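Values in this text are rule-based calculations from the coordinates and carry no lab data. All values reported here derive from a predicted model rather than from experimental measurement. A quick note on method: Cβ atoms are made from the backbone with ideal geometry, for glycine too, and the neighbour counts reach across all protein chains shown.
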């Protein structure tokens with residue numbers, strides 16, 4: 001955690017003309033230390049990265065902030081693993097899926113940067129020592145096998161589209177927290193939307209059809225509910241294991257309900 005003295009010193013380097021009126025720690029972040037800092041005229045988010053410096057994500061966020069779909073990084077200080085952003089007021093996404101987010105997501109997926117792709121098998125296998133992994137071993141193996149043999153739909157992905165990273169206000173929906181952004185199969189992000197907005201089968205079909213309409217001018221897209229289901233099961237398990245590892249059981253409980261419903265649906 002950063003002290004108020006450290007944050008004041010950071011703002012002195014960022015803009016010495018600013019006078020801070022309040023500093024409030026934000027409890028939502030589990031992998032970083034976050035603070036809401038207010039001045040007389042503006043609100044800022046200060047983020048201290050504990051795990052890694054997300055150069056790729058920060059570059060992408062800088063680019064997409066110009067399109068008003070995410071807050072702009074205003075000050076980057078890699079020496080202290082700290083960044084300052086515009087603070088986006090709003091609420092965490094919930095309820096029905098909002099179509100206004102999908103064009104922004106397509107634009108993100110079309111971002112012309114190729115990186116080493118995320119390896120979903122590696123990510124889920126990091127938890128193979130856990131009881132949760134062993135409990136759902138069959139689901140994991142079947143999902144990974146399906147994904148390995150399915151056509152690839154690659155793009156530059158957010159890779160962490162949990163609802164807490166989708167902020168809603170009167171202007172629309174905004175993406176935040178690009179720490180894990182890199183190349184991946186776009187179905188990973190689409191599965192995250194399915195989980196975040198708890199979309200039923202009909203809504204999932206509509207999501208894929210709308211996505212294909214938006215991206216077809218640039219790329220071919222494989223429309224497959226089966227592929228979406230494979231990613232959905234793995235995304236749910238990744239989130240559950242990640243939260244359990246950090247003791248955030250309040251986050252785990254609703255995801256377990258989703259997982260059990262998902263498994264029941266797959267057996268029909």
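Cβ neighbours within 10 Å, averaged per peptide: list 149-161, 238-250 in order, most packed at the top. Provide the component values of the computation, followed by the final result.
Details: 149-161: 19.2, 238-250: 15.5.
Per-residue Cβ counts within 10 Å, averaged per peptide and sorted highest first, yield 149-161, 238-250.
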Rg/Rh of region 27-96 (Cα atoms, Kirkwood Rh), to two decimals, equals 0.97
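What's the FRET efficiency of residue 225 with residue 15 using the Cβ-Cβ distance as r and R₀ = 41 Å, to the nearest 0.05? Mind dumping the intermediate values first?
Working: r = 50 Å, r/R0 = 1.21.
E(calc), rounded to 0.05, equals 0.25.
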Dividing the helical contributions, -39500 (n - 2.57) per DSSP H run of n ≥ 4, by the residues of the chain yields a 222 nm value, nearest 500 deg cm²/dmol, of -14000 deg cm²/dmol
Taking the alpha-carbon centre of each part, the distance from region 1-66 to region 190-267 in Å is 31 Å
At R0 = 45 Å the Cβ-Cβ FRET efficiency linking residue 217 and residue 142, nearest 0.05, sits at 0.85
Here, region 41-184 modelled as identical Cα point scatterers in vacuum has Debye log10 I(q)/I(0) at q = 0.13 Å⁻¹ of -0.70
Least to most buried among 213, 39, 138, by other C-beta atoms within 10 Å and fewest first, runs 138, 213, 39
Tilt, helix 4-14 to longest principal axis of the chain (alpha-carbon atoms), in degrees rounded to tens, equals 90 degrees
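Could you calculate the contour length gain from residue 72 to residue 267, that is, 0.36 nm times the residue separation minus the distance between their Cα atoms, to one decimal place in nm? Present the calculation step by step, with values, prior to reporting the outcome.
Working: separation 195, 0.36 × 195 = 70.20 nm, distance 4.42 nm.
Difference between extended and current length: 65.8 nm.
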In nm, the gap between the two label points placed 7 Å beyond Cα toward Cβ at residue 249 and residue 38 is 3.5 nm
Full extension between residue 110 and residue 89 adds, at 0.36 nm per residue less the Cα distance, a length in nm of 4.9 nm
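Applying 1/(1 + (r/R0)^6) with R0 = 25 Å to the Cβ-Cβ distance of residue 3 and residue 59, what FRET efficiency is obtained, to the nearest 0.05?
Values: r = 29 Å, r/R0 = 1.17.
Rounded to the nearest 0.05, the efficiency is 0.30.
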For the chain, longest principal axis from Cα atoms; helix 201-215 axis from its Cα atoms; angle between them, nearest 10 degrees, is 70 degrees
Taking only C-alpha positions in region 114-268, Rg and Dmax in angstrom work out to 15.2, 45
Going from the fewest other Cβ atoms within 10 Å to the most, one would list 88, 27 as 27, 88
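Averaged over every viewing direction, what's the projected area of the C-alpha convex hull for region 43-82? Give it in nm², one decimal, please. Numbers along the way, then the final one.
Values: hull surface 11.9 nm².
Value for region 43-82: 3.0 nm².
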With no solvent term and unit scatterers on the alpha-carbon positions of region 192-268, Debye gives log₁₀ I(q)/I(0) at q = 0.14, 0.17, 0.20, 0.25 Å⁻¹ of -0.52, -0.71, -0.88, -1.16
So, for the Cα atoms of the chain, Rg and Dmax in Å stand at 19.2, 63
